[in-house]
1. Could you say which residue among Ala73, Ala106 is modelled with pLDDT under 90 and either surrounded by fewer than 13 Cβ atoms within 10 Å (Cβ to Cβ) or of a type in the set (A, V, I, L, M, F, W, C) (or both)?
2. When the residues of segment 38-61 are filtered to those that are surrounded by 11 or more Cβ atoms within 10 Å (Cβ to Cβ) and farther than 17 Å from Tyr115 by Cβ, which remaining residue is nearest to the chain's Cα centre (by Cα)?
3. Right, Trp94: modelled with pLDDT of 80 or more, in contact with a helix residue (DSSP H, G or I) (Cβ under 9 Å, 6 or more places away or on another chain) and aromatic (Phe, Trp, Tyr) or not?
4. Which one of these is free of Cβ contacts under 8 Å to residues at least 24 places away in the same chain, assigned to a helix (DSSP H, G or I) and not polar (S, T, N, Q): Gly37, Gly66, Gly72, Gly58?
5. I need a count of the residues in segment 1-50 that are small (Gly, Ala, Ser) and within 27 Å of Lys78 (Cβ to Cβ).
Amino acid sequence: MANPDLETILKQIKNENDLLHQRVSWMCTIQGLLFAGLGLLLREHFYTVIAVLLSFVGFYSSVSIGYILKVGADQLDKLNGQAGELVARAKLDWLLPWRSLPWVIAAFWLILMVYIPMLGK
C-alpha cells in the first residue's frame, strides 16, 4: 500500500472489527451465565426477589453492552467511509447481531422482571 494514511485506517478497521467480535463474545458469555444462574435459581428454590434482581442485572448488562456495540459499530462505519470503501448499507442493517441482539435480550430480561413476581408463591 502506497498511502500510509490508508494503511493506518485499515489497521484501525481491523482493530475495531476485533473489538466488535470480542464484545459480542463477552455479551454472549455474560448472558449465558446469567440465564444459567436464573434457571438454577428457579429450579431449586423460588426466590422472587433474587430472581428479579438477577433479571435486572441481565437487563442492565444487555443495555450497556448494546450501547458499547453501537458506538463501536458506528466507529467502524466511520472508518470504512474514511477508507473510501463503498459500504453497502442494507435496509435490514438493524438485524445484524451486534445491532439487534443486545436489545432483544434486554427485552427478554424486562419481560422476566415483570413475569417472575407473578409466578411467586
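1. The match here is Ala73.
2. Per the stated criteria, the residue is Ser61.
3. no
4. It is Gly37.
5. So the count comes out to 2.
For (1) among the small types (Gly, Ala, Ser); (2) modelled with pLDDT of 90 or more, each residue gets a yes or a no:
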| residue | (1), (2) |
| --- | --- |
| Lys11 | no, no |
| Ser25 | yes, yes |
| Phe46 | no, no |
| Leu54 | no, no |
| Ile65 | no, yes |
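The values are calculated or read from the model by the stated rules, or taken from the named source; none is laboratory data. In this text, all values refer to a predicted model and were calculated from it rather than measured experimentally. In this analysis, Cβ positions are derived from the backbone assuming ideal geometry, glycine residues included, and neighbour counts consider all displayed protein chains.
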